[in-house]
2 protein chains.
Amino acid sequence: MTRIRLHAPCRGTESLAKVKVAILNLFPDATFSREGDELEGESSSVERLRERIHAQKIRDSARGPLLHGIEGSRIRVTLNKQAAYAGRVSFSADSPLGDIEVLIEAEDPEALIDAIAESTTRPPPAPLL
Amino acid sequence: MTRIRLHAPCRGTESLAKVKVAILNLFPDATFSREGDELEGESSSVERLRERIHAQKIRDSARGPLLHGIEGSRIRVTLNKQAAYAGRVSFSADSPLGDIEVLIEAEDPEALIDAIAESTTRPPPAPLL
């Protein structure tokens, strides 16, 4: 099981319910421990994230921010909140209304990134002779 | 009467009602001709804007973006949407994304700016002798 900590600001003009929908679109099992100006939650699965990255055909471009986000045994990435509200994965930072911060705990971050977004350009395994 | 055109985006996670409140906090007479992803409206008074600038004691700092915004017989400024939702005036000229765009039509823009935010440092008028 993967442990994923989620955090997103909810600005004055935003609807708390809609910010939750944005998070739940990518982490449908998320539960929230804090609601208000700041939303904090937890999820235990990157499956929807993986599905969306494959469906959007952004596996290779997703690897950049994921690999860049490795901090020891964690991966830290930010997802665009508005894209998430529309059900899409978009890695970004500094959006006007704030982003969704995602902190994924993983013993082997690179293996998890391969599971989420396997490279499409990596050479195929050597043929069995 | 002053004619003021107002425009603000309403992002996916935002509440249309709250974005309207943000605008109405600074332009209480505003009426909206377009609602949805984009909000368009009109107001005929800068009185609340003037009041807030005076109450916040930001007359001198407000003059910068107002004077910078003069385009012929119009003044174009952007106001931070979140500050407006909280009832405050905050000019945010460098990040128009997500802000309230304000276009004030004025035959004499500089005179209008003096009315909205008279300088506190300008020398007093010469005494009548």
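The values are calculated or read from the model by the stated rules, or taken from the named source; none is laboratory data. A quick note: this is a predicted structure, and the numbers were derived from the prediction, not measured. Please note: Cβ atoms are built from the backbone with ideal geometry, for glycine as well, and neighbour counts cover all protein chains shown. Side chains included, ligands, DNA and RNA excluded: accessible areas come from the protein's heavy atoms. Shrake-Rupley method; radii C 1.70, N 1.55, O 1.52, S 1.80 Å.
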Between copies, how far does the label point of B:Asp114 sit from its twins, in nm, shortest first, when each point is 7 Å from Cα along Cα→Cβ? 7.4
Distance cut-off 22 Å, percentage of C-alpha pairs in the range B:1-100 lying past it: 23 percent
In Å², rounded to the nearest 100, what is the total accessible surface buried by chains A and B against each other with a 1.4 Å probe? 1000 Å²
Using a Förster distance of 51 Å, the FRET efficiency for A:Ser61-B:Arg3 (Cβ separation, nearest 0.05): 0.65
Over chain B, what relative contact order in percent results from Cα pairs under 8 Å that are six or more residues apart? 31 percent
Candidates A:Thr78, A:Thr31, A:Thr13; GNM for chain A (alpha-carbon contacts under 10 Å) flags as most fluctuating A:Thr13
If you take the beta carbon distance between B:Glu110 and B:Leu16 as r and set R0 to 45 Å, what does 1/(1 + (r/R0)^6) give as a FRET efficiency, to the nearest 0.05? 0.80
Net charge near A:Glu118 (other residues with Cβ under 14 Å of its Cβ; Lys, Arg +1; Asp, Glu -1) is +1
Given a 1.4 Å probe, the accessible area of the range B:28-111 per residue, as a whole number of Å², is 53 Å²
Comparing each residue of the range A:6-44 in the complete protein assembly with the chain by itself (heavy atoms, probe 1.4 Å, ligands and nucleic acids ignored), those losing at least 30 Å² of accessible area are A:Gly12, A:Thr13, A:Glu14, A:Lys18
Loop-only check: which GluC sites (Glu not before Pro) in the range A:65-116 are DSSP coil with at most 14 other Cβ within 10 angstrom? A:Glu107
Shielded residues, the range A:86-101 - accessible-area loss of 10 Å² or more between chain alone and all protein chains, probe 1.4 Å: A:Pro96, A:Leu97
Calculate what fraction, in whole %, of the accessible area of the range A:1-74 sits on carbon and sulfur atoms when a 1.4 Å probe is rolled over the protein chains. 47 percent
Computed helical MRE - 222 nm, chain A, DSSP H runs ≥ 4 contributing -39500 (n - 2.57), nearest 500: -9000 deg cm²/dmol
